[in-house]
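Here the structure comes first, spelled out in structure tokens, and everything after it is commentary.
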Amino acid sequence: MAVPIQRAITSGNVSALLPASSLELFNDGAHKFRRLKEDLAAARRFIHLQYFIWEQDRLTAELVPILLDRLAAGVEVRIMYDWLGCISFRKAELRQLGRAGVEVRADVTDLLRI
């Protein structure tokens, strides 16, 4: 299974594969986000999230307390989101996380650089 996935990642872009000891594929969002919440709650050293869209919705309302809990436990928490992809969404949760000490950054904020 790894060879077709490797081929899909490397053909069509210049990304290189990073070493990994395991791979888990999710075929639906409910399973993926349930696992994400479990993994975030178990984090001990760092959490680095990167999302195209961070919409203020039920999922992010469930993630914020987990991230704040991990931050309070001394876990480094960093979030990068796509500025253009999130331009129409409210940022109250991201500001709350930033005020608490989470490093929150938008990837590209200058339209002329896109």
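Before moving on, here are some points about what is shown:
- Taking every full run of DSSP H in the chain, the ones that stretch at least 18 Å from end to end by Cα along their long axis and average 0.0 or higher on the Kyte-Doolittle scale are 58-72.
- Over the chain, relative contact order from alpha-carbon pairs under 8 Å, at least 6 apart, %: 22
Since every read-out is calculated from the coordinates, none of them should be taken as a lab result. Here the structure is a predicted model, which is why all the values come from computation and not from measurement.
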